[in-house]
Amino acid sequence: MDWASLIRPLLPEIIMITLALLIIILELFIHRKETIAMFSIATIAITAYFIPDSMGETFGGMFISDGYSIFFKYIFFINLILTVLVSIKYLKIERSEFGEYYVLILFSTVGMMIMASAGDLIVLYLGLELMALSTYVLAGFIRHSTRSNEAALKYFLLGAFSSAIILFGISLIYALSGTTLIYELPEKIEASANATPLLIALIFLIAAFGFKVALVPFHVWTPDVYEGAPTSVTAFMSVGPKAAGFAALGRVFIVGLTPTVIQWQWIFIVLSIATMAVGNIVAIQQRNIKRMLAYSSIAHAGYAMLGIVAYSPEGVSAMMNYLLIYTFMNIGAFAVVIMLRSEEFAGEDLDEYKGFAKKHPFVAAVMLLFMFSLTGIPPTAGFIGKFYLFKALVENNLTWLAVVAVIFSVISAYFYLRVVMYMYMYESEKEVPSLSLSPALGLALFITVVYVIVIGVYPSPLLNFVRVVSL
Amino acid sequence: MVEIIFGYFAITILIISLLVVTSRNPVHSVLWMLLLFFHVAGIYLLLNAEFLAATQIIVYAGAILVLFLFTIMLLDLREEMQIQRFTRGWPAGLLISTGVLIVLITGLKGFKTTFVGQWDIKEIEEATHTKALGKVLFTEYLLPFEIASLVLLIAILGAVVLAKKKLKT
């Protein structure tokens, strides 16, 4: 095998790592952190340029660059760009303006890319660890805030447990099949002969991935960590690691563990119902908007899980579609929360949104759009995402599950629309604070708004694309 | 003979692990753990994995344990010894892990004891484990190896970020 074909599928990752390392060095000389932020966006632009050319597999199938992984890589890039845009001003307000922030976000994204492309369970684990380790540090990035420290520590300890659990699961899979290559697993696993140990291995893998994508009952860390971490990092964490987790889940379970589908499908059905139930119902009680969005992100993990439960190409493409849409609407909502954060104002309590629409009609309208989209009201993108997920369920004889999911979506309307109600229907007792605007934040908001509307009104290009690249 | 040695290591590891988690004094826990690491290294030796055995002692007993001892120096030992060793939910944990153990034992037949690839026991014995591991690590498993190096880089970067002086107060 010659060098070129060995390296080609990996080229985007290699370029991205090289540029990220370069940024570490440049950070020493450049004191304007905005420049570093621009460099990280440029890094993504350069990497994205090499992506379409990278199709293929390398290292004996350990690393696969196919349509599926490329789609997820684009999600990660969008996630990164939007996060960087909303971070610049926010970090200044929080007095934590370090260039390393952008480097860590870049490396975390490299980890996600490796996860999406992993054709081998060991590579998958290492990608997961690279992603997670960077996010632990990011969660504790505001060092002078005890809340942020607490979030980082909790995330780290529980994340370390989940790493141990996934390794145990992988070792059991290896003991039963003699291989760690995901594409070799279906023929090597004898599902009927080893039903019980295989079930244990499956449960370990599900627990560890469930932790990463925050499925109930592995979600306990989510509200605390999302609330305590810097809001920009929360936006990043609630999309990137989740999408990467789903990318890995899809490949491992739908491709690698197909022989055991009867065993894992019902586990996933139970987990997704529990996740939607807990996420949506507990969110109703939340007064802190970051906590509310944390529970909402748990609920959305439950919806996305339905795509895997459906166990069909349509299900997987609906899940991919949903995760992309979720990226835009969720980061958009967090961007508005970040706008409210100013030097003397936290902007996290629901009461602080009272009378918001009168003073800032435009931003309130934008928040309204995101809340509608998260609920799944047409003509926003959120509706399209949910519609195709439920459609995939119905097509695969799981109509009852689709009905359950719709009921939970209706419940979710209560707490999403409550934010809208506070903004539009209540008068503020105190003075409504001014927004901390910046061009970058405005650009992020513009991008998210445009995509939430465009995908909602004209979804067919995206739908055609995910149909082609589905597993 | 090999079975007796393995049995010794296996049973001792179990007993020591119990002592690690039940000792009231954290320093005792760490010292038991030191003994544990040596016994795990013994198991590696039985498996013809002398490189892993050496790494186990150098990295775990040498580096990680020293780190643990440093951490314990920061604790208030007297107060620490008053604290309940286990949380109230420990019987549930015991129940679940025993269940997992039973299921794994009943499924023991399903585990494959063969090897994959060119390196069987004879060849490893001939070429030495260090050489075999090195060859595999730098050819077949080069990619995971390189990713692991990135993980280490992030660990350094993270430590620097979290420990460096404040930018402004």
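Looking only at residues in segment A:55-94 that are within 14 Å of chain B (Cβ to nearest Cβ) and within 21 Å of A:Tyr136 (Cβ to Cβ), the one that is surrounded by the fewest Cβ atoms within 10 Å (Cβ to Cβ) is A:Glu94. A single entry from A:Gly67, A:Gly56 fulfils the requirement of being on the phi < 0 side of the Ramachandran plot, of a type in the set (Gly, Ala, Ser) and touching a residue at least 12 places away in the same chain (Cβ under 8 Å): A:Gly67.
When segment B:15-39 is filtered for residues that are in contact (Cβ under 8 Å) with a residue 40 or more places away in the chain and within 15 Å of the chain's Cα centre (by Cα), the ones remaining, listed by number, are B:Val21, B:Val30. The residue pairs whose first member lies in segment B:88-105 and is free of Cβ contacts under 8 Å to residues at least 60 places away in the same chain, whose second member is surrounded by 11 or more Cβ atoms within 10 Å (Cβ to Cβ), and whose beta carbons are closer than 7 Å, counting only pairs six or more residues apart or on different chains, are B:Val100/A:Ile200; B:Val103/A:Thr196; B:Val103/A:Pro197; B:Val103/A:Ile200; B:Leu104/A:Pro197; B:Leu104/A:Ile200.
The rows are residues; the columns are (1) under 22 Å from the mean Cα position of the chain (by Cα); (2) surrounded by 12 or more Cβ atoms within 10 Å (Cβ to Cβ); (3) at pLDDT 85 or above; (4) not in a helix (DSSP H, G or I).
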| position | (1), (2), (3), (4) |
| --- | --- |
| B:Phe70 | yes, no, yes, no |
| B:Arg78 | no, no, no, no |
| B:Arg85 | yes, no, no, yes |
| B:Leu95 | no, no, yes, no |
| B:Val103 | no, yes, no, no |
| B:Gln118 | no, no, no, yes |
| B:Glu125 | no, no, no, no |
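Condition check for A:Thr179 on (1) farther than 22 Å from A:Glu57 by Cα; (2) at the interface with chain B (Cβ under 9 Å from one of its Cβ atoms); (3) not in a helix (DSSP H, G or I): one failure, at (1).
Go through the residues of segment A:312-331 one by one and say whether even a single one is surrounded by fewer than 19 Cβ atoms within 10 Å (Cβ to Cβ), out of contact with any strand residue (DSSP E or B) (no Cβ under 7 Å at 6 or more places or on another chain) and at pLDDT below 90. The answer is no, given that none of the residues of segment A:312-331 is surrounded by fewer than 19 Cβ atoms within 10 Å (Cβ to Cβ), out of contact with any strand residue (DSSP E or B) (no Cβ under 7 Å at 6 or more places or on another chain) and at pLDDT below 90. Does B:Val136 count as within 10 Å of another protein chain (Cβ to nearest Cβ) and at pLDDT 85 or above? Judged against the criteria, B:Val136 is not a match. Of all the listed residues (A:Gly256, A:Gly279), the sole one being over 24 Å from A:Leu104 (Cα atoms), touching a Ser or Thr at 6+ places or on another chain (Cβ under 8 Å) and more than 14 Å from chain B (Cβ to nearest Cβ) is A:Gly279. Considering only residues in segment A:136-148 that are surrounded by fewer than 17 Cβ atoms within 10 Å (Cβ to Cβ) and touching a residue at least 40 places away in the same chain (Cβ under 8 Å), the one that is nearest to the other protein chains (Cβ to nearest Cβ) turns out to be A:His144.
For segment A:406-433, filtered to residues that are of a type in the set (A, V, I, L, M), in contact (Cβ under 8 Å) with a residue 40 or more places away in the chain and part of a helix (DSSP H, G or I), the residue that is farthest from A:Arg287 (Cα to Cα) is A:Ile411.
Where helices (runs of 4 or more DSSP H) fall entirely within segment A:24-133, those with at least 3 residues that are under 16 Å from the mean Cα position of the chain (by Cα) are at A:67-93, A:100-117. When A:Leu215 is tested against (1) more than 14 Å from chain B (Cβ to nearest Cβ); (2) more than 27 Å from the chain's Cα centre (by Cα); (3) not acidic (Asp, Glu); (4) not in a helix (DSSP H, G or I), just one condition goes unmet, and that condition is (2).
The criterion of at least 2 residues that are more than 19 Å from A:Ala310 (Cα to Cα), of a type in the set (D, E, K, R) and in contact (Cβ under 8 Å) with a residue 12 or more places away in the chain is met, among helices (runs of 4 or more DSSP H) falling completely within segment A:220-288, by A:221-228. Only one of the listed residues (A:Ala160, A:Ala151) is without any contact (Cβ under 8 Å) to a residue 12 or more places away in the chain and away from every other protein chain (no Cβ under 11 Å). That residue is A:Ala160.
Can we say A:Ile206 is more than 12 Å from chain B (Cβ to nearest Cβ), over 19 Å from A:Arg291 (Cα atoms), in contact (Cβ under 8 Å) with a residue 40 or more places away in the chain and not basic (Lys, Arg)? Judged against the criteria, A:Ile206 is a match.
Residue-by-condition table, conditions (1) surrounded by fewer than 16 Cβ atoms within 10 Å (Cβ to Cβ); (2) assigned to a helix (DSSP H, G or I); (3) of a type outside the set (Gly, Ala, Ser):
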site: A:Ile384; (1), (2), (3): no, yes, yes
site: A:Lys391; (1), (2), (3): yes, yes, yes
site: A:Val404; (1), (2), (3): no, yes, yes
site: A:Leu435; (1), (2), (3): no, no, yes
site: A:Leu462; (1), (2), (3): no, yes, yes
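The values are calculated or read from the model by the stated rules, or taken from the named source; none is laboratory data. Everything numeric here is computed off the predicted structure, so don't read it as measured data. Positions of Cβ are generated from backbone atoms using ideal geometry, with glycine treated the same way; all protein chains shown enter the neighbour counts.
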